[in-house]
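Read through the structure below, which is laid out as structure tokens, and then see the notes.
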Amino acid sequence: MATYYSQGTGNFSTLANWDTVRTGGGTDPASVAAMNNNVFVIQPGHTVTFDIEDAPAVDGSVSGW
């Protein structure tokens, strides 16, 4: 399990919006499907729109939200 930090305002499914280092850098999630079972921290001042609940990439089966 990894922890990802938001890097700005945008959609949850945009992989580049997440990094494993709070200040940027590290790695992005490998895919939308690979985001399951990880920790996501929305940093102060960022607005993240959750847009993958029914995404085809996860067949509508995202858990833990």
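Remarks
- Neighbourhood net charge (15 Å Cβ-Cβ; Lys/Arg +1, Asp/Glu -1) for Pro29: -3
- Spin-label pair Val21/Gln43, simplified geometry with 7 Å Cα→Cβ offset, distance in nm: 1.1
- For Val32, solvent-accessible area (1.4 Å; no DNA, RNA or ligand), Å²: 30
The values are calculated or read from the model by the stated rules, or taken from the named source; none is laboratory data. Treat the numbers as computed from the prediction; the structure is a model and nothing was measured. So basically every Cβ, Gly included, is an ideal-geometry build from the backbone, and we count neighbours across all protein chains shown. Areas reflect the complete protein model, heavy atoms only, side chains present, ligands, DNA and RNA absent. Shrake-Rupley method; radii C 1.70, N 1.55, O 1.52, S 1.80 Å.
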